[in-house]
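Heads up: the structure comes next, in structure tokens.
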Ligand code: ADP
Ligand code: MG
């Protein structure tokens, strides 16, 4: 066995559905299997009695085997092995599907420990495909004490519980890994993390860590292994980031002429006084403009914190700078937006900022090209042909170009692109960033903007190649959204207020959680409100006379657009949606957001959802309705009413949420193990320091072969790249 062997080479009898499941889990090779880490461990002690086992739960039961036999399933004719398991409290059917040989290994009267998942209905419960171990406890030692006293005699063991997919159970993975470890293949794998580094941070070597991760004797072992793999991952990401940074430091920047007086005059013409945070961000960017290598900066600020004005002020300096060795023309700015609506909105905003200046502004989207000012009126923009637009951008006549991804297309060439601004950057991934950066072979200054509040350690990791500036202040006089966390008995209060707002012509969102529950038969998933069901319920029982629309990820793009348009046009008053509305939706007339199953969302995410109703000058409301209303849920959710900004919430979130609740892979392209480690500032900083030191001495990782291949693998999976 070799770590790079395909799974199918060593597990020959894989069914098609199992192959599909493995693919879905991202497991192709033996190595992938080893890196498929348990989400948690279960203590397989004498945890329960047969009569108390409930459907859907993971159990470990001690008992006596009765009447093992094999039969064929009635319809499918699939072979089934079955037996009864008996303890003093009752008896239970055990079934193994497609594993008839198991019955032969069991004998009537055998005392076993069975670990598996309860299946069936509460009337007809059975234990499905359990792990069976003969136990040293004899039935006569136990009497009718329900095995309670036997616990000391039995060696305690931790069972890993893995993320599963239909066809591949946690137990299957457990067995597969046991087989691999038995073959000794893990001993042959090369450890990419240098030995002295492991020693420095007291981390186990790869082979040890793999055993401790998958078959730990103690919880400390598994924690130590998790820490090691988290370090490995964060360190690898930091290597990539350090290299990118090193690369950009090698490049020359186009020199922007920094005329601070002119800049101040420009800012004075804004219809508002910039906040301290805005001024700070502008100054930081201006300082970057004066350096010899291109800026790479991430601007993080809550929705409404005024990032557009920061972009405009700094764009002004660029659009009034003369290119090197030229007597006419100016440097150019590209402003990339994720949607057409946003691009148009920014175009209009820029026009209002630049109306008194002789600077042309262009808009390019999939559907049109526009230029400001028009020939006829100094106050208006006109539509122009794509060819004309391309010509004017290529000869440098339009210094500021705002657009959607149409901006990135090869047909659009700039004469001297010196500044690239990317709005809502997490929606693009780094491909666009790099494409923009390489237009015409010059490396422009880069400003990435985002409203997604993420903890500092996460930013340091996934955006490690960027410098970070926070806009941690809102403009004065903004009415905060009135936020209330409501228990079940207060639900009607929310509906009463909602009705009042609707009567005044306003609109509302109702958000239902999307479930990331691996097992859809689990109770939690069944309880959770689905968008469709909730829309029906509201229509039928609560708001029969109101037009209700729905929006969720499973809808076709055209259906989504249609639904969005109806809501934007006011044809529907309530939009019941999943968290897809989190980004990009801007309906100023919507003043209420009601969030169901709120405890399933991260605080930062709830904060962003709430941002959807912040766009209006009217008083807005956010009702947070958890499904279960315990003290800890209430305390966590109440942070929403207290926190000053999204960053505070993101930090709080990271410190509070359990593993498996952080959705790292899903959202950021880092594993759950690494997400857990991001709570540990020291670990992240250590990984960063080590990575930068290595890149400094060996920029192309020539002397670190295993690290290079790890980094290479990483490059393709990180953050939507
Ligand atoms: P975001 O950071 O979400 O991109 P915007 O740039 O769209 O925020 O700004 C939101 C609103 O706040 C805009 O209407 C803008 O004109 C206004 N605004 C920005 N800065 C200030 C300020 N310093 N004082 C008052 N209003 C401001
Ligand atoms: Mg914005």
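Averaging sequence separations of C-alpha pairs under 8 Å and six or more residues apart, then dividing by the length of the chain, give the relative contact order as a whole percent.
The normalised contact order for the chain reaches 12 percent.
Under a no-solvent Debye model with one identical scatterer per Cα of the stretch 315-357, what's log10 I(q)/I(0) at q = 0.13, 0.20, 0.28, 0.33 Å⁻¹?
So the normalised log intensities are -0.37, -0.73, -0.99, -1.11.
Based on C-alpha coordinates, I'd like the Rg and Dmax of the stretch 341-416, in Å.
According to the Cα coordinates of the stretch 341-416, Rg and Dmax are 11.4, 32 Å.
Kirkwood Rh, Cα Rg: Rg to Rh for the stretch 184-239?
0.96
Take residue 619 and residue 680, extend 7 Å from each Cα along the Cα→Cβ direction, and tell me the distance between the two endpoints in nm.
4.8
In units of 2.2 N^0.38 Å, what is the alpha-carbon radius of gyration of the stretch 351-503?
Compared with the compact-globule rule of thumb, the stretch 351-503 sits at 1.44.
Can you tell me the 0 to 90 degree angle between the C-alpha axis of helix 557-568 and the longest principal axis of the chain, rounded to 10?
60
Given the chain, report the % of alpha carbon pairs whose separation exceeds 38 Å.
49
Suppose only helical runs count, i.e. DSSP H with n ≥ 4. What mean residue ellipticity at 222 nm does that imply for the chain under -39500 (n - 2.57) per run, divided by all residues and rounded to the nearest 500 deg cm²/dmol?
-11000 deg cm²/dmol
Using only Cα atoms and rounding to the nearest 10 degrees, what angle (0 to 90) does helix 170-183 make with the longest principal axis of the chain?
Helix 170-183 and the main axis of the chain meet at about 80 degrees.
What list do you get for 419, 629, 652 if you sort them by fewest beta carbons within 10 Å?
Lowest to highest Cβ neighbour count: 629, 652, 419.
List, largest first, the extents of the alpha carbons of the stretch 164-215 along their principal axes, each in whole Å.
41, 21, 16
Sorted by average packing, counted as other Cβ atoms within 10 angstrom per residue and highest first, what order do 696-703, 336-343, 277-284 take?
336-343, 277-284, 696-703
If packing is taken as the average number of other Cβ atoms within 10 Å across a peptide's residues, how do 300-306, 568-574, 397-403 rank, most packed first?
Ranking the peptides 300-306, 568-574, 397-403 by packing returns 397-403, 300-306, 568-574.
To check you understand DSSP bridge types, tell me what percent of the beta bridges within the chain (both residues inside) are antiparallel, rounded to 5.
Here the share of antiparallel DSSP bridges comes out near 45 percent.
Considering every Cα-Cα pair within the stretch 226-331, what fraction, in whole percent, is farther apart than 25 Å?
38
By per-residue mean of other Cβ atoms within 10 Å, what is the highest-first order of 244-253, 450-459?
Those peptides, ordered most packed to least, come out 450-459, 244-253.
Find the relative contact order for the stretch 341-424 and round it to a whole percent, using C-alpha pairs within less than 8 Å whose residues are 6+ positions apart.
Computed value for the stretch 341-424: 28 percent relative contact order.
On a 0 to 90 degree scale, rounded to 10, what angle separates helix 491-503 from the longest Cα axis of the chain?
30
Each value in this text was obtained by applying a stated rule to the coordinates, not by laboratory testing. Treat the numbers as computed from the prediction; the structure is a model and nothing was measured. Using ideal geometry, Cβ is built from the backbone for each residue, glycine included, and neighbour counts are taken over all protein chains shown.
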